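The values are calculated or read from the model by the stated rules, or taken from the named source; none is laboratory data. These numbers were taken from a predicted model, which means no experiment stands behind them. Methodologically, a virtual Cβ is constructed for each residue, glycine included, from the backbone with ideal geometry; neighbour enumeration extends over all protein chains shown.
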Amino acid sequence: MIGSDGSAPLHPAAQRGLELFNQREYYSAHEAFEQAWRAERGEIRALYQGLLQTALIYLYITLNNYDGATRLYERCQRHLAPWPATCCGLDVGALRLSLAGVMEAVARLGPDQLLHFDTSLFKPIDHA
């Protein structure tokens, strides 16, 4: 259960996913976040789904998969939007802003130029 202040412990697999994400191991991060998502039954599942989708979006961008990244972003936003700026020790607000900036850059490049994406735009997820 997540408290009104956004506090709750992260599932151990989500902790691992966070570490992998911040090491830019997006496929492995996705797998870890998915493990946490499958293990949980409460509302935090939506947060984990947003995190795993973010990892997949970044993976798709590195694989030059414009359509996959843009389609998944729309769903990902729905999972991340309801959460407070800080939730479960994660800076969800900064993640949403960073992801929006990434997707603006993706849109500017378009499908034919995605291979020129500047991966320095991928920011780590801050965790307290």
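Here are the numbers for the structure shown:
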| item | result |
| --- | --- |
| Within region 108-117, tally of residues that are exposed (fewer than 12 other Cβ atoms within 10 Å of the Cβ), part of a loop (DSSP other than H, G, I, E, B) and without any contact (Cβ under 8 Å) to a residue 24 or more places away in the chain | 1 |
| Residues satisfying the stated conditions in region 76-104, i.e. loosely packed, with under 13 Cβ neighbours inside 10 Å and either hydroxyl-bearing (S, T, Y) or closer than 12 Å to Q53 by Cα (or both) | R78 |
| Residue check for S120: within 14 Å of the chain's Cα centre (by Cα) and either in a helix (DSSP H, G or I) or surrounded by 16 or more Cβ atoms within 10 Å (Cβ to Cβ) (or both) | no |
| Condition check for C88: in contact with a Ser or Thr (Cβ under 8 Å, 6 or more places away or on another chain), at pLDDT below 95 and of a type outside the set (F, W, Y) | yes |
| Meets criteria (over 14 Å from the mean Cα position of the chain (by Cα), in contact (Cβ under 8 Å) with a residue 24 or more places away in the chain and closer than 22 Å to A105 by Cβ) for Y26 | no |
| Residue count, region 8-50 (criterion: in contact with a Leu (Cβ under 8 Å, 6 or more places away or on another chain), within 17 Å of A81 (Cα to Cα) and among the aliphatic types (A, V, I, L, M)) | 1 |
